[in-house]
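Notes for the one structure printed next.
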Amino acid sequence: MRIARLLGGLALVVVIAIGVHAWLTRNPAVSGNQITVYYVRASDEHVVPWPVSLGPARDLKSIAFYAATQCVAGPPSTISDVVRFPQGTHVLSVDVAGGTATVDISKEVESLVGGGLQESAEFKALVWTMTTLPEIRAVQVLVDGRRLPTLPGGHLELDEPLSRSSW
């Protein structure tokens, strides 16, 4: 009888430990009705999380498209000191395969005038946003359907997928 209670108690502890571990290691990018999108502060180049309400879609491709769209649009104008994509830049499509999200951005991104810091910060925010999502480890950027070696400024190579270790 004592052994049965001991084994039952041990089993309960194991189940609780597994549950706590799963809860602590869950993906923070999608939590209930919110996702985490990132932007970069212009003053110190730090990545800042920004919670965004999520619509009804819960499949990875839809969430990835929404996350990329929110990142490119940037946080509300009430948040200052933010590096933003050039006005009019928008996401054309997002595909996810083999751990890589391919994000096709409109050609307005090529009108960037802020130099290397701005170019790097924009794509850093996009990569951090996308790689927070489950199963995505890298981001391949296309501009108007084309894989470019760099943007016109030439500060950031876009011909290979980018990951968090790119910064």
Selection status of Thr89, surrounded by 20 or more Cβ atoms within 10 Å (Cβ to Cβ), at pLDDT 85 or above and either β-branched (Val, Ile, Thr) or not in a helix (DSSP H, G or I) (or both): yes
If you go through the range 69-85 one residue at a time, do you hit one that is more than 15 Å from Leu162 (Cβ to Cβ), among the charged types (D, E, K, R) and surrounded by 14 or more Cβ atoms within 10 Å (Cβ to Cβ)? yes
Applying the selection to the range 92-123, what residues are at pLDDT 85 or above and in a loop (DSSP other than H, G, I, E, B)? Gly98, Gly99, Ser106
So, first residue under 16 Å from Glu119 (Cα atoms) and of a type in the set (Phe, Trp, Tyr) in the range 144-167, second residue in a loop (DSSP other than H, G, I, E, B) and modelled with pLDDT of 80 or more, Cβ within less than 6 Å, six or more apart or across chains; the pairs are none
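Kindly indicate whether Thr132 is polar (S, T, N, Q) and either touching a helix residue (DSSP H, G or I) at 6+ places or on another chain (Cβ under 6 Å) or at pLDDT 95 or above (or both).
In short, no.
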Just checking, which of Val48, Val94 is closer than 17 Å to Gln140 by Cβ and of a type outside the set (Asp, Glu)? Val94
All but one of (1) in contact with a helix residue (DSSP H, G or I) (Cβ under 9 Å, 6 or more places away or on another chain); (2) without any contact (Cβ under 8 Å) to a residue 24 or more places away in the chain hold for Val47; which doesn't? (2)
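For (1) among the charged types (D, E, K, R); (2) in contact with a strand residue (DSSP E or B) (Cβ under 8 Å, 6 or more places away or on another chain); (3) farther than 19 Å from Pro134 by Cα; (4) not in a loop (DSSP other than H, G, I, E, B), each residue gets a yes or a no:
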{"position": "Val37", "(1), (2), (3), (4)": "no, yes, no, yes"}
{"position": "Val40", "(1), (2), (3), (4)": "no, yes, yes, yes"}
{"position": "Ser43", "(1), (2), (3), (4)": "no, no, yes, no"}
{"position": "Pro51", "(1), (2), (3), (4)": "no, yes, no, yes"}
{"position": "Gly55", "(1), (2), (3), (4)": "no, no, no, no"}
{"position": "Ser62", "(1), (2), (3), (4)": "no, no, no, yes"}
{"position": "Phe65", "(1), (2), (3), (4)": "no, yes, no, yes"}
{"position": "Pro76", "(1), (2), (3), (4)": "no, no, yes, no"}
{"position": "Ile79", "(1), (2), (3), (4)": "no, yes, yes, no"}
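The values are calculated or read from the model by the stated rules, or taken from the named source; none is laboratory data. The structure displayed is predicted, hence computed values, not measured ones. Note: ideal-geometry Cβ built from the backbone for every residue, glycine included; neighbour counts use all protein chains shown.
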